[in-house]
């Protein structure tokens, strides 16, 4: 478990797809930025090849940002229920507002490696700029970086530490 500022990084034994299956959208996670799908980090061609993503972009509901794209979390959850989008080695950032700055090209949170202290330091600078409160990167289990304070921080740290033993 690593911590920097208000952000906590850890690992749990699940996937983004499974995590999203139980998620209900909230104001704190109104937007979803996707920066990696199935190990692909240049997502504009993925959007063009995927009919559902292409249609969302055509309707103005999906927006390219750097090499990734973002849309409202509610739309992502609907899409993921209708047509599975996440298969592993994916990155998802959940934000309260539409993100404004692309993810740095050399920053990855997918597995099998855990989020390093150096990466957490960089995340704690980039994530607040984009109003991101939760980042997920899967591969072998799921890395996360979450904005946590108070008792929530300690509970998540304890749960994560017990899950990795």
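When each of 96, 116 is tested for being touching a helix residue (DSSP H, G or I) at 6+ places or on another chain (Cβ under 6 Å) and in contact (Cβ under 8 Å) with a residue 24 or more places away in the chain, the lone residue that passes is 96. Kindly indicate the residue of the range 1-49 that is surrounded by fewer than 16 Cβ atoms within 10 Å (Cβ to Cβ) and closer than 17 Å to residue 62 by Cα and also nearest to the chain's Cα centre (by Cα) among those meeting that condition. Restricting to residues being surrounded by fewer than 16 Cβ atoms within 10 Å (Cβ to Cβ) and closer than 17 Å to residue 62 by Cα, the top hit is 42. Here residue 93 fulfils each of the conditions (1) more than 18 Å from residue 134 (Cβ to Cβ); (2) in contact with a strand residue (DSSP E or B) (Cβ under 7 Å, 6 or more places away or on another chain); (3) part of a strand (DSSP E or B) apart from (1). For the range 67-84, residues that are in contact (Cβ under 8 Å) with a residue 60 or more places away in the chain and either surrounded by 21 or more Cβ atoms within 10 Å (Cβ to Cβ) or under 18 Å from residue 144 (Cβ atoms) (or both) total 1. Evaluating residue 105 against the criteria (1) farther than 26 Å from residue 155 by Cβ; (2) in contact (Cβ under 8 Å) with a residue 40 or more places away in the chain; (3) touching a strand residue (DSSP E or B) at 6+ places or on another chain (Cβ under 9 Å) leaves one unmet condition, (3). Where helices (runs of 4 or more DSSP H) fall wholly inside the range 1-84, the ranges with 1 or more residues that are closer than 18 Å to residue 101 by Cα and in contact with a strand residue (DSSP E or B) (Cβ under 8 Å, 6 or more places away or on another chain) are 44-49, 73-82. Among the residues making up the range 50-66, those that are touching a helix residue (DSSP H, G or I) at 6+ places or on another chain (Cβ under 8 Å) and surrounded by 17 or more Cβ atoms within 10 Å (Cβ to Cβ) are 53, 56, 57, 62.
No lab work stands behind these numbers, since they all come straight from the coordinates. Computed from a predicted model, the values in this text were never measured in an experiment. Note that we place each Cβ from the backbone using ideal geometry, even for glycine, and neighbour counts take in every protein chain shown.
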